[in-house]
Amino acid sequence: FRVLYAEEMEELFLEALEARRTGGGMAWLGTWIRAMADVALLAIRLRFPAARGRRRTPLPGGLMRSFLADLRFAGRTLRRRPVFATLSILTLALGIGASTAMFSVVNGVLLEDLPFQEPDLLVAIWQTRPELHDHPGDDGARWDRFRLTYTQYRDLAEGSAAYAGMAAYRAGAPDVTTLTGVGDPGEIPAGAASASLLPLLGVRPILGRWFLPEEEASRAGTDGAAVVVISHELWLERFGGLPTVQGRSITLDDRSFTIVGVLPAGFHLTWISASVAGEGSPERRDVWFPVGAPGWMASRWAYSWEVVGRLAPGVSLERALAETQAVLGEHAQSSGDARVLPRAAEETRGLAPPLLLLFGATVLLLIIACGNIANLTTVELRGRRHEIATRSAMGAGSARIVRLFLTESLLLAVLGSLLGVALAHGGVKILVALAPAIPHLADVALNLRVLGFASFLTILTTFLFGGFPALLASRRSAAPLLTAGARTSRAQRALSRAVMGGEVALAVMLLVAGGLLGRSLSRLLEVDPGFDARGLAAVEIRLPESRYHRESSGAFFREALARIQAIPGIGSVTAVSRLPFPGSTSTMPFEVQGQSRGLLFYQVGPRYFETLDVPILAGTSLDETIRPGDPLTIVVNETAARRFWPRGSAVGARVSLSGFTEDPV
């Protein structure tokens, strides 16, 4: 009888006990009577010879009914232990939520394909500038990826057969143009690109069209058409999403342009830092101009064009590199070698190590959480030894007991995962809001791959904290378990010690790593920037090129500085081409002592060093009486002086700056 019907009897018996405990009064009696009736029916069936000597064939769906019964019993068990259930669910939710949030970031930034047509064929094209490798503070490899000029791009697009297409766009922080005539005047980010850009990427405007080849300047210095393509966001914000925007004229920097198209929602291009790994930025550009549009002329000598190519069918990276090197090697602006690298890898260059490090830390946190719950489960099993003994005495095998406890663990893991996914959803939003500009971070979301990862964590945690303790408990005999003073088995004690030891080791590892990162952050915050930032305020001003030229802009800033200086409470005021530590700098080749060097430079106004409280170690500060036409003067920092003039004084030395017609002093 036990062989044939012990499992069913076990369920009937436990249901009757549960009904007696929770129902009160005589409510349990009905369950008990039904159980006895079922026992009687089973006993009658034993009288038939056909039922003897073999196990009864389970009815269809019996396994599912058994699982549902286990699930109901697991729910009742957890309801009787609210503290254990709450702690387990919250601990799992934190571990799974943190791991899922970080996996969402890793998946969106490192694993997802670029949102373009056949992204595996897209490549980034660079060149090297050997003369800039010894730049002060450089490690010798920062200038291994240098952008191309527009004329280099045109020669490469026309002279190489290794590419099915090629496009270029202005890299760096977005340019700014002033939009007037549509609501309140305001500055909006803008960019310039070749007519081949969107066809190369396989992107189509949702309204109108992209630029035509004849609307782009064929060569640097020629004129392009006065047309623009606007972003989906600007279309909604300023034009109300009306389809009549196509063909409408707008005023940008006092010039009239015609809107010919609207880009898809969320379209953006990541510009890749040419100097520092991982500094790519996906800034939004609301207005796109064709190369050579009025006011947006492509400078022949500006190394500011990011070039994207699509490999032709059957062409390898090696062949594309050889042809690119052959074309650029004959160009007058080339001084080094070409670089042809996968575009997807370049956009995330330098990001994989820190992201994987953070992801690994969250996985260790999840393992610690599972260890905590495993110990809690082991303690809970000690309190349920009479239940386990009763099940064993009624014929339940080890597999049956393990299945029941795994069902409880699965229920806890599912509840913890649901709460963890909700926490991950909020955590992703927090990470996106607090993190610096990282390519594709704004597109991170909980997709099917992320939900699949969360499901995998659910199954994994079920076996980590539920399977082993239940297996150890199920292997014990019934007699010791029924003893009131039963002690914990040697295997359970060994398991608890191993789990706690592993938890301590992982926790120490995380604490050490967190302490080192915190120390590094503290030291970075304590680095002396070289000036006193207390009491400083900055205002960014951009003048439209159509109205202000070099002389008129200089007069504007001189008058503005004088009027600001007259405001009560202003101690000192100055001007600078860009703020210190802006994330991007301007580089100018210069010659000193017959050698070509690279120079990061700032153009500053009068009293610049006095305003920032920067001491002058030798020589004098810039004279505010200098006027256009006077000999040019420069001030170098101490590092440059020691590097370029190690045996003499830098004061009075002459250098030659590229791009200036005067002889600088």
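The values are calculated or read from the model by the stated rules, or taken from the named source; none is laboratory data. None of these values were measured; they are calculated from a predicted model. Positions of Cβ are backbone-derived with ideal geometry, glycine not excepted, and every protein chain shown enters the neighbour counts. Just so you know, the surface numbers come from the protein's heavy atoms only, side chains and all, with ligands and any DNA or RNA stripped out. Shrake-Rupley method; radii C 1.70, N 1.55, O 1.52, S 1.80 Å.
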Considering only protein heavy atoms, what is the solvent-accessible area of Thr378 at a probe of 1.4 Å, reported in Å² to the nearest 10? 10 Å²
Trypsin sites (Lys or Arg not before Pro), restricted to the range 514-560: which are DSSP loop and have at most 15 other Cβ atoms within 10 Å? Arg534, Arg542, Arg547
List Leu525, Leu431, ordered by accessible area with a 1.4 Å probe, largest first: Leu525, Leu431
Quick one: ranking Tyr548, Tyr608, Tyr602, Tyr169 by accessible area, 1.4 Å probe, largest first, what do you get? Tyr602, Tyr548, Tyr608, Tyr169
On the full set of protein chains, 1.4 Å probe, figure out the accessible area of Leu357 and give it in Å² to the nearest 10. 110 Å²
Sorted by accessible area (1.4 Å probe), largest first, how do Asp613, Asp223 line up? Asp223, Asp613
The range 302-349 and the range 520-576 have their Cα centres apart by a whole-number Å value of 39 Å
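Treat every Asp and Glu Cβ in the range 204-262 as -1 and every Lys and Arg Cβ as +1, leave all other atoms uncharged, and give the resulting dipole magnitude about the Cα centre to the nearest 20 debye. Intermediate results must be reported in sequence, preceding the final value.
On the way: 6 positive and 8 negative charges, 40 e Å.
Dipole of the range 204-262, to the nearest 20 debye: 200 debye.
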